[in-house]
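Colleague: First the structure, then my questions, so here it is.
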Amino acid sequence: MPSQRHTPTRLTNSRKTFCHSRFGWSVTAPMTIQPIDPTLNTTKPQPVIFVPRLAATRIAASVVAIGATQFAAVSIACAERSGSNAVPPPFTRQAGARIAAGVTPALPAPRWPWAVAAALLIALALITPVNHDEDQYLAAANLVSRGLRPFGDFMYLQTPVQPWLLAPVAWLADGWSFIALRLVSAVAGLGTLALVYAAQRRAGVTPRHALIATALCGSCVPFLFGMSLARNDALPALLLAVALWAAARGRTLDWGVAGLALGCAASIKISYGLPLAFGGFWLLWQAVRTQSVAPMLAWGIGGVIALLPTALTWAAYAQAFEYGVFRYAAEGAKIWYDLNGIGDRLSLAAKLRDTGVALAIGPALVALIVLLFLRRDDGKKYRAFVITLLVAGVVAAILPTPTYRQYFLPVLPPLFVALGLAMPLGRWPLRIMAALGVAAVAVYAGLGVADAVRRGPAAWCVTSQAHWIGAQAAGPIVTFSPTYVVDSGVPLDPRFATGTHVWRSGDLRSDAELGAFKVTSRRTLARELDARPPGAILTGFEGASGVNRRIIPDEVLNDWARTNGYRAVPTPYGGMLWLKR
């Protein structure tokens, strides 16, 4: 019986030739379909370019900038690929017919960018300098892990689900929670990118175009900032990406999952209530048009279930909840900016400037302009839904005053899913966006590296300083910088769980309200400390800055400590620890 040796084959269309052998697919110059001579001398130069390398070359400028996935995230993304995107199948007559008709098989996207992205995001989480907004989120997770309740036992300035979700992480990583919670943000960033990619693939975008759009999403500074800090940006962005991924299939259950995800996002960060509401109104409009109410009902049920913990907390601690979630945001920044002579930052001109800068540092602004000029209306329901969430994200970003870069994170997942749906685009828009993305990542990462070289990586400095404080001090500790205390093992005074935030504007509240909220203000601080003296006081991290020009928060604590006979001990990384004599 003759041996059945594998005979490689070559198939072609008018533009390219796709070769398949036991070594995989390759591209050669156009030829007719014919067997490849098995005796071909492979030592001679051949005009062959392997497809994965070709695809990687075309998107190399973008993928350097992205943050993406570990093994689980890669698995999610790969699960959305069609069969043609797995290992290329052997040549068949059907495949030859498709190619002869001008339909080329979808080329698989390379996987190495995901590993590069994972390393990038994890590195940024470890070296990015501390942001003072991290204080209340780290403190809240730490206090909940000790059994305290948001709004009941300490003030919290957002919807309450994130501290409950992260408290087990803080408890398990006791003494290392700063690093652990930053890595949670990095992993959420990886998952967000994987789901942005998966949503595009589920909607029919080719692997190459989906990877390009995902790379551009990951190279925006709002994304890099939100995913490298222990704030409340990463988890809701991940849940927004879940909603986009679920809605891409469009079944009734998928709409329920999307509503549940966005409801959870709104229970973590209140601004995500706008995408939830906009999506609901869009589905209501679709129900009126098509007489199909099932998607709208599923969305609503999912959203209501996810909002139940927030609603129950509101009912239990109504006064504190309303102040922390709604009133503080309306009055906190204005009074402090006016007191420090920087009220001009709250003007409309400043908002427009900050919005432009946040979007222009990276490819987001160009992507928005491209989508505005495309104006494609192909009747696809999913594209309309994505644009609806994009509009909601823009509104959510520009409503708060002042406007910060992290507010634009809800814009990015729908923006770049919409960009993927609009591809293919011309070369120049893609090249411009890729160049802006690489530049944004280079600047953001470069600043982190420079700070790490000058002062040491933030993860190491914060954690080692906390351990040093734990060996010196007895609690409770009073500080406007809870980030440096949560891993010390010494309890933080819950009145300072929000750092400087409530203290700066608390004088607008009555003494009775401040007592009920368990917070202090500039008016009541000395009286509160006299009544319940702390075991130690940490200062040195809320000094003069761009927003602390006339009133220096730490100077108030320093003055009280000196007056009451505390002993000053310099800390290893620039702070001052005041101990009872």
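Colleague: For the residue pair Ala119 and Ile432, what label-to-label distance in nm results when each label sits 7 Å from Cα along the Cα-to-beta-carbon direction?
Modeller: 3.2
Colleague: Turning to a different aspect of this structure: Treat each spin label as a single point 7 Å out from the Cα along the C-beta direction, and report the Ala360 to Arg527 distance in nm.
Modeller: 4.9
Colleague: If I take R0 = 45 Å and measure r between the Cβ atoms of Leu425 and Ile552 in this structure, what FRET efficiency does the formula 1/(1 + (r/R0)^6) give, to the nearest 0.05?
Modeller: Efficiency, rounded to the nearest 0.05: 0.35.
Colleague: Can you give me the Rg/Rh ratio for region 432-549, using Cα atoms for both radii and the Kirkwood formula for Rh?
Modeller: Here Rg/Rh amounts to 1.11.
Colleague: So how much slack lies between Trp285 and His467, counting 0.36 nm per residue of separation and subtracting their Cα-Cα distance, in nm?
Modeller: Using 0.36 nm per residue and subtracting the Cα-Cα distance, I get 59.9 nm.
Colleague: Same structure, new question: His209: accessible area at probe 1.4 Å, nearest 10 Å²?
Modeller: Using a 1.4 Å probe on the heavy atoms, I get roughly 30 Å².
Colleague: Mind ranking Glu322, Glu331 by accessible surface for me, highest first, 1.4 Å probe?
Modeller: Glu322, Glu331
Colleague: For each pair in Lys351/Lys518; Lys269/Lys334; Lys518/Lys580; Lys334/Lys518; Lys269/Lys518, compute the distance between the two Cα atoms and list the pairs where it is over 27 Å.
Modeller: Lys351/Lys518
Colleague: Still on this structure: When a/c reaches 1.5 or more, the comparison of a/b and b/c decides; with that in mind, is region 154-245 rounded, prolate or oblate per its Cα gyration tensor?
Modeller: prolate
Colleague: Can you give the FRET efficiency for Leu348 and Trp112, using 1/(1 + (r/R0)^6), R0 = 56 Å, r = Cβ-Cβ distance, to the nearest 0.05?
Modeller: Plugging the Cβ-Cβ distance into 1/(1 + (r/R0)^6) gives 0.80.
Colleague: What is the calculated FRET efficiency for Ile305 to Phe373, with r their C-beta to C-beta distance and R₀ = 60 Å, to the nearest 0.05?
Modeller: Working from the Cβ atoms, E equals 0.90.
Colleague: Just read off the accessible area of Trp164 with the full protein assembly in place, 1.4 Å probe, to the nearest 10 Å².
Modeller: Approximately 100 Å² of Trp164 is accessible to the 1.4 Å probe.
Colleague: Within a Cβ distance under 9 Å of Pro129, other residues only, what is the Lys/Arg minus Asp/Glu net charge?
Modeller: 0
The values are calculated or read from the model by the stated rules, or taken from the named source; none is laboratory data. Predicted, not measured: the structure shown is a model, and the values here were computed from it. Using ideal geometry, Cβ is built from the backbone for each residue, glycine included, and neighbour counts are taken over all protein chains shown. When the accessible area is computed, the model is the full protein with side chains, heavy atoms only, and any ligands, DNA or RNA have been set aside. Shrake-Rupley method; radii C 1.70, N 1.55, O 1.52, S 1.80 Å.
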